[in-house]
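Below: the structure, in structure tokens.
The values are calculated or read from the model by the stated rules, or taken from the named source; none is laboratory data. Everything numeric in this text was worked out from a predicted model, so none of it was measured. With ideal geometry, Cβ positions are generated from the backbone for all residues, glycine too; neighbour counts draw on all protein chains shown.
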């Protein structure tokens, strides 16, 4: 099978996989919008954004750098490397989940919402842990190009959550505590059920002398992964603050009801970033291989192929959504969230720009340019804070999205016009030396 046929088939499977997860998140969001108070849905938006930060931190510390390095090793060495970082994934996910519990329960500014129970903080922390270890299993599948096992795992996860949601709905026991409990339990059960596939990708059967060689190889790569990870974590934190500070700034200026409106309108477009994430899971290892081979022509073709496909999906989805929005507002979305059209259109513009920018930053990750990403994220964070300081008080919720759009345009230009060409030039100079 040719490279592009293989890449396309893997991408399609990954999009199908991510589409299931997207549909699941959409259903959860719609149910919460209709079945819980608007303040509670605003709190869910804050917890969801916080949970995303936890996942991004752990991913950037372990899975991201591992994805960059793993294509350069093969066989038992790669399996041992994946098993070694599995233990780190468990430790860091557990540690950050515990920290999240403390923040949710004891830092009022983190949620701007006082009616929280201890149980909510506990089940949210458990959800973070369960989701973290499930995601590592998915990462291993993508690194080993075993998309089918990832798809099977996610079908099981979606099925467990769907059955649980139906039970909660018909038992009239639908609230934030039960939803996060369900997500946590489903992630843990899914991880246990997928244990054999995980072991097949991480277990080795080698002689003692070979184990020592593998251990030395792991130590040689560990410094590279840790070095990438330190900059990746710093970069992902400032990146998250740039992309999700609007949740907390809107809450501070406008209250949790404004957060609910912003999240409800964004929910309609969530299939877009999840589809982009699905593409990234497949494309980043391929980009790492092309960069390792110095195949810049192949990388350019992959770039054009990716941007064209992603933007086509974005434009088609936004157009379809705008046509369907009147029906959705009448039959699906609660009357509490009427009049979302302007926000949906602004989010559509944001995601169209974000998708093209995301391709570039994915290549930066594949090339290990985490330091440059950190400095770019720091600049964009300062821009977001400055723009939202003026736009939210004057424009309300649309001002938050406007700030994000302006920053995305800036990042798009900087990544494609300056950072990526400079990265390629540095590689050429290193080869010449």
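Specify the residue that is surrounded by the fewest Cβ atoms within 10 Å (Cβ to Cβ); the eligible residues are those in the range 247-271 that are at pLDDT 85 or above and within 18 Å of the chain's Cα centre (by Cα).
It comes out as 269.
With the structure loaded, tell me whether residue 314 is surrounded by fewer than 21 Cβ atoms within 10 Å (Cβ to Cβ) and either assigned to a loop (DSSP other than H, G, I, E, B) or in contact with a helix residue (DSSP H, G or I) (Cβ under 6 Å, 6 or more places away or on another chain) (or both) or whether it fails that test.
no
Which residue out of 145, 187, 167, 149 is exposed (fewer than 15 other Cβ atoms within 10 Å of the Cβ) and either under 21 Å from the mean Cα position of the chain (by Cα) or outside any helix (DSSP H, G or I) (or both)?
Residue meeting the stated conditions: 145.
Given the conditions (1) closer than 30 Å to residue 341 by Cβ; (2) crowded, with 20+ Cβ neighbours inside 10 Å, which single one is not true for residue 241?
Tallying (1) closer than 30 Å to residue 341 by Cβ; (2) crowded, with 20+ Cβ neighbours inside 10 Å, residue 241 fails exactly one: (2).
Can you tell me which residues in the range 170-184 are over 18 Å from residue 123 (Cα atoms) and either in a loop (DSSP other than H, G, I, E, B) or under 21 Å from the mean Cα position of the chain (by Cα) (or both)?
171, 172, listed by residue number.
Just to check your reading of the model, which residue among 339, 348, 399 is free of Cβ contacts under 8 Å to residues at least 40 places away in the same chain and within 21 Å of residue 30 (Cα to Cα)?
Within the list 339, 348, 399, the selection yields 339.
Could you say which residue among 63, 49 is in contact (Cβ under 8 Å) with a residue 24 or more places away in the chain, within 14 Å of residue 267 (Cβ to Cβ) and under 15 Å from the mean Cα position of the chain (by Cα)?
Every option except 49 fails the conditions.
Listed here are the residues, each with its yes/no results for (1) touching a helix residue (DSSP H, G or I) at 6+ places or on another chain (Cβ under 8 Å); (2) over 16 Å from residue 279 (Cα atoms).
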| residue | (1), (2) |
| --- | --- |
| 134 | yes, yes |
| 139 | yes, no |
| 143 | yes, no |
| 152 | yes, yes |
| 155 | yes, yes |
| 159 | no, yes |
| 164 | yes, yes |
| 171 | no, yes |
| 179 | yes, yes |
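Output yes when any residue across the range 400-417 is surrounded by fewer than 17 Cβ atoms within 10 Å (Cβ to Cβ), modelled with pLDDT under 95, closer than 28 Å to residue 251 by Cα and out of contact with any helix residue (DSSP H, G or I) (no Cβ under 9 Å at 6 or more places or on another chain), and no when none is.
Taking every residue of the range 400-417 in turn, none turns out to be surrounded by fewer than 17 Cβ atoms within 10 Å (Cβ to Cβ), modelled with pLDDT under 95, closer than 28 Å to residue 251 by Cα and out of contact with any helix residue (DSSP H, G or I) (no Cβ under 9 Å at 6 or more places or on another chain).
State whether one or more residues within the range 357-377 are more than 20 Å from residue 264 (Cβ to Cβ) and either in contact with a strand residue (DSSP E or B) (Cβ under 7 Å, 6 or more places away or on another chain) or without any contact (Cβ under 8 Å) to a residue 12 or more places away in the chain (or both).
Yes - at least one qualifying residue is present in the range 357-377.
Assigned to a loop (DSSP other than H, G, I, E, B), at pLDDT 80 or above and closer than 21 Å to residue 14 by Cβ - does that describe any residue in the range 192-205?
yes
Regarding residue 336, is this residue modelled with pLDDT under 85, in contact with a helix residue (DSSP H, G or I) (Cβ under 6 Å, 6 or more places away or on another chain), closer than 23 Å to residue 39 by Cα and in a helix (DSSP H, G or I)?
Yes.
Could you identify the single residue in 348, 309 that is over 19 Å from the mean Cα position of the chain (by Cα) and either at pLDDT 85 or above or surrounded by fewer than 22 Cβ atoms within 10 Å (Cβ to Cβ) (or both)?
One residue alone meets the criteria, 309.
Quick check on residue 124: is it surrounded by fewer than 22 Cβ atoms within 10 Å (Cβ to Cβ) and either out of contact with any strand residue (DSSP E or B) (no Cβ under 6 Å at 6 or more places or on another chain) or in a helix (DSSP H, G or I) (or both)?
Considered against the rule, which asks whether it is surrounded by fewer than 22 Cβ atoms within 10 Å (Cβ to Cβ) and either out of contact with any strand residue (DSSP E or B) (no Cβ under 6 Å at 6 or more places or on another chain) or in a helix (DSSP H, G or I) (or both), residue 124 comes out as no.
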